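Notes to accompany the following structure.
Coordinate-derived values only; no laboratory data. Since the model is a prediction, treat every value here as computed from it, not as a measurement. Glycine also receives a Cβ, built like all others from the backbone with ideal geometry; neighbour counts cover every protein chain displayed.
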Amino acid sequence: MNDIFATHESEVRSYSRTWPAVFDRASGSWLYGEDGTPYLDFFAGAGALNYGHNNPLLKRKVLDYMERDGVTHGLDQATSARREFLETFDEKVLQPRGLNYKVQFPGPTGTNSVESALKLVRKITGRESIISFTNAFHGMTLGSLSVTGNSMKRGGAGIPLVHATPMPYDNYFDGQYPDFLYFERLLEDSGSGLNEPAAVIVETLQGEGGINSSRPEWLRGLYELCQKHGMLLIVDDVQMGVGRTGPFFSFEEAGIQPDIVCMSKSIGGYGMPMAVTLIKPEHDVWDPGEHNGTFRGNNPAFVAASEAFRQYWSDDVLEKSTIAKGERVGAVLDELIAEFPAAGGVSKGRGLARGLGFEDTEVAGKISRACFDRRMIVETAGPSDEVVKIMPPLTLSDEELEQGLQILRDSVRAVLA
Ligand code: PMP
């Protein structure tokens, strides 16, 4: 591999850079190395490429927009592309789900959405503290790091900001304690300093934290607790939104309506930076310019996103196929776990956010590497990278799914046999 990456790029470059490949092209479920080697992509930009790489339907719209000199950078200006996004999002996504949110464009990426949400809930409630969960991941800026339950990710940033408190996520105690016992005690304990948190921020399925899926009834319990104690509920759907778990929003199955929803990654459709914060209208207490930034709303991404809503969210075809494909992945994971009982594997996740976890923290990394050697890109997740994370584009074909599952089988066997 070209050494310029080692000599000229910061040491902060991450995990995927240990792979001995420089990628050059990408199409659908495939990435291609400079030498033309195809790699099946079962990582999909950590959920940023739910519609695949260079999706031809979306590409056409982006190219047309570019060719007619559509506005690329418009700061916060009203543009026809922004209007189209707002209209299509409302028509194809919000209205059919009976949801009513105002849309904020908080900046280019997921962490900007989380920051905006954390600021906004403090302004709405006049309260300060935020409840987050064990193993949560919300982003790399200081506010979102403060609610991230992983000290390694905090890196040089040190301790969290004050007033952020982690609570046990669903099943943290393996069912040994009633779900919200500790949380409720702290809320009711006048000495805990936690009597009036502004909000709770939660991922319905923790991606980076190890593909930990919460149960719908746990989410409903959390929602009720929020209402009882005047706390707002922020769902961070940055990674699990836009159909990753099946429905457009990962909280739909639980039947809850969060006060604020953070989205990014696949919301722009084409892998371009874009984030939105969805705010219940009564909570939109921002004053003009109170949360701004140079890149608020990405016009080519608006164009791609609008087309994606029309193509994929006018019916439930993608949702159903994601659930079916996810069940197929789950079945293969179960088979592999049964084949190697001594490895103590655990099948995790739902929809097309799946994980194969191991107690031995070396195993998942080895499987990921074995997949790469067989030309498939698979990542690891969890506090000790102990989970093989399976997140292909939602648009992959059945043949590609089977091809990937066979590579996974071969890789697991190569490592565990
Ligand atoms: N929230 C969640 C749930 C995420 O998974 C991520 C990114 N992995 C973020 C926030 C941060 O998004 P970004 O990396 O785009 O800032």
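Things worth noting here:
- Where trypsin sites (Lys or Arg not before Pro) fall in DSSP loop in the range 44-117, at most 13 other Cβ within 10 Å: 68
- A simple packing score, the average count of other Cβ atoms within 10 Å per residue, orders the peptides 119-125, 34-40, 275-281 as 275-281, 119-125, 34-40, with the highest score first.
- Packing, as the average of other Cβ atoms within 10 Å across residues, places the peptides 392-402, 242-252 in the order 242-252, 392-402, highest first.
- Shape call, the range 170-325: gyration tensor on alpha carbons, a/c limit 1.5: oblate
- Cα-based shape type of the range 268-417, given that a ≥ b ≥ c are square roots of the gyration tensor eigenvalues and the cut on a/c is 1.5: prolate
- Spatial extent of the range 257-297: Rg and Dmax, with the Cα atoms as the point set, Å: 11.9, 31
- Helical segments meeting 20 Å axial Cα length and Kyte-Doolittle 0.0 threshold in the chain (DSSP H): 317-339
- The Cα-based radius of gyration of the range 60-312, divided by its Kirkwood radius, gives an Rg/Rh of 0.98.
- Filter on 61/366; 153/228; 102/348; 59/119; 228/280; 265/325 - keep pairs with C-alpha separation over 29 Å: 61/366; 153/228; 102/348; 59/119
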